[in-house]
Amino acid sequence: MPIDPQTCLSVDPDIDLHNPDQRCELTATHGAVLAVIAVGGALGALARYGLTLAWPAPAGAFPWAVFTINVAGSFLLGVLMVVITEIRPAHPLVRPFLGVGVLGGFTTFSTYAEDIRALLDPATVIVAAVYLVATLVVALVATTAAVMLTRVAARFLRVEVAS
C-alpha cells in the first residue's frame, strides 16, 4: 500500500528505516532537516572555535576550554530536551537545529579525544586521565542537573510539565 507523504507530520531523528511510515517521514522532510542541522552546526562550531581561540590550552595543560564547552553543551542539551519534550511542544525543526546542529557543533568529542591523545605522555598522563574521567562525569552530572533544574523551574513558574 503506498504511503501519502502528506501524512508525515513530525520530524524524528530516530527513524527506523524498516518501518514504512518512518521511511515516509524521512523522504518528506529530510531536506529541511539537513538544512537546519547544517546551519545550526556551523553556528555551534563557530562558537566553539571562538571560545578555544579566546581560552587556549598550553601544551601539557588541562584543556579547560574544551572541558567547559562539553559540560556547558551537555547542560544546555538537558534543558532543551526537557523544554521541547515535556514543557512546550516545539516546531519539528527545533530539535534538529538546536540539539543536533548548534549543540552538536558546539560540543566536540573529536577535540576531546585528540586532547587526551596529546596528553598521553609520561609527564602529562595524569592530566589525560583526569580530563578523560572528569569530562564524562561532569558532563553527565550537568545533563542530569539541567533536567532536574528545568523541571523544577517549570513547576515554580507554574508551567505544565508532562509526566
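Of note:
- Karplus (6.51, -1.76, 1.60) ³J(HN,Hα), θ = phi - 60°, over the range 39-44, in Hz, Gly and Pro reported as x: 5, x, x, 5, 5, x
- Sequence ranges 134-145, 60-71, ranked by mean other-Cβ count within 10 angstrom, highest first: 60-71, 134-145
- Once the Cβ-Cβ distance of Ala32 and Arg151 is raised to the sixth power relative to R0 = 30 Å, the FRET efficiency obtained is 0.50.
Where a number appears in this text, it was derived from the coordinates with a stated rule and is not lab data. Not measured: the values here are computed from a predicted model. With ideal geometry, Cβ positions are generated from the backbone for all residues, glycine too; neighbour counts draw on all protein chains shown.
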